[in-house]
1. Around LEU372, under 11 Å between beta carbons, what's the net of Lys plus Arg minus Asp minus Glu among the other residues?
2. Quick one: ranking ARG11, ARG98 by accessible area, 1.4 Å probe, largest first, what do you get?
3. Quick one: ranking VAL51, VAL366 by accessible area, 1.4 Å probe, largest first, what do you get?
4. With Cβ to Cβ distances under 11 Å as the rule, what net charge do the other residues near GLY204 carry (K, R +1; D, E -1)?
5. Applying 1/(1 + (r/R0)^6) with R0 = 35 Å to the Cβ-Cβ distance of ASP258 and SER323, what FRET efficiency is obtained, to the nearest 0.05?
6. Which value in deg cm²/dmol, rounded to the nearest 500, describes the helix-derived mean residue ellipticity at 222 nm for the chain, given -39,500 (n - 2.57) per DSSP H run of n ≥ 4 and division by the residue count?
7. Enter the accessible area per residue of the chain (Å², integer; probe 1.4 Å; all protein chains in place).
8. At a 1.4 Å probe radius, carbon and sulfur cover how many percent of the accessible area of the chain?
Amino acid sequence: MKVLLIGSGGREHALAWKLSQSPRLDELHAAPGNPGIAQLGECHPVRAEDVEGLLDLAHVLRADLVVVGPEGPLVAGVADELRHAGVSVFGPSREAARIEGSKSFAKEVMQSAGVPVAETMSVARPPCVVKVDGLFAGKGVFVCRDQESLDAALQEVARLDQPIVIEELLEGEELSLFALSDGYNVVPLPPARDFKRVGDGDTGPNTGGMGSYSPVAEVDAGMVDELVESVHRPVIAELAERRSPFVGLLYAGLMLTDEGPKVLEFNCRFGDPETQSILPRLRGDLLEALAAAAAGSLSGEPIEAETDAAVTVVIAGRDYPASSDSGTPIDGIDAAQAAGALVFHAGTAMRGDQVLTNGGRILNVVGRGPSLEDARQLAYDACDLISVDGMRFRRDIAARAVNVA
């Protein structure tokens, strides 16, 4: 198969790495890709938001499957255009992608489907959560425990000039649960836990994600099945009933509260950086599963995972998430990989033979091991081998899970 992967971040590098292991893969292409993906396939200078350019590229390549990584192109309808042109796509239609593109739409779908969700508040008062209704790169959520933080959040969203949703503040442990769907059948992937705030101890502003780990000890296979039955399947069925079948990956962000699991949000694509911890644990052929979903023939058989663990640490620029970093030399990637870590490029560029920064989140360093503690140790040992002027990363990813002080 010839595969065209759309996107340029760490999630897409992880997908490229996993897809390249498939015996069914003949050629891997990416648009626009990144320096890490370029080591696995051919990158093309077409932006992920350039619908016409992607359509032309898919035809020129005679791509058998297009895998859409980021949410922006999906919400913009790139999957619709490709499908209308006869191209097989893993990724939902514009209408189905509204499950991420509009929080108010997602809330309405969940209520119709009977899915447990945080209650909407008619008046903003602490404690609460203020969410930008549309896409905001994972940074449009403001947790407000007091009046001061609420005032700051309302000021920020007023500056953004977008509709907002106000919800009750749920307490508990968060969980990310992905499931593949062909529009009707649903197949879960192993659960993961991510870390959204920029600083240790879950301090500072929300980001696109500063790290993740998998497996999650308290979430066994039986609980995964229960969550899929109560969350994913009803939403997939509701969207199919609305004649907007969801073909792709449905990502449920959950809060495990004392009253039971509740949905915080839905995303319409592989999560970042959870994907970087989940894919290294998967057995079998991911390309085969994505192609089956795109063709409407997902078997429903579970995708098995190894018993080992993976921990991902995100290396970000000095001023992330306020601003990105560009043109700063990156050293030590080869040393980190030689130490046994996976290093996925998230915001990088090349100048000659030198890797440079080109984004807010720069690299994803993944440690794998027989235990979460072993995987975590490897990830952090590898991070210490990488050098980027002003780089920052959290030191507490998976710390509580392995009882590290």
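1. Working: positive: ARG193, ARG368, ARG376, ARG400; negative: ASP308, GLU373, ASP374.
My count for the surroundings of LEU372 gives +1.
2. Details: ARG11 20, ARG98 90 Å².
My answer, sorted largest first, is ARG98, ARG11.
3. Details: VAL51 35, VAL366 0 Å².
Output order, biggest surface exposure first: VAL51, VAL366.
4. Working: positive: LYS196, ARG197, ARG392, ARG394; negative: ASP200, ASP202.
Result for the local shell: +2.
5. Details: r = 39 Å, r/R0 = 1.11.
Using R0 = 35 Å, I get an efficiency of 0.35.
6. Values: 13 runs with 112 residues, N = 405.
Estimated from H runs of four or more residues: -7500 deg cm²/dmol.
7. Numbers: 16400 Å² over 405 residues.
Result: 40 Å² of accessible area for each residue.
8. Values: 7650 of 16400 Å².
Looking at the chain in its full context, I get 47 percent from C and S.
The values are calculated or read from the model by the stated rules, or taken from the named source; none is laboratory data. Computed from a predicted structure; not experimentally measured. Please note: Cβ atoms are built from the backbone with ideal geometry, for glycine as well, and neighbour counts cover all protein chains shown. These area figures cover heavy atoms from the full protein model, side chains too; ligands, DNA and RNA do not enter into them. Shrake-Rupley method; radii C 1.70, N 1.55, O 1.52, S 1.80 Å.
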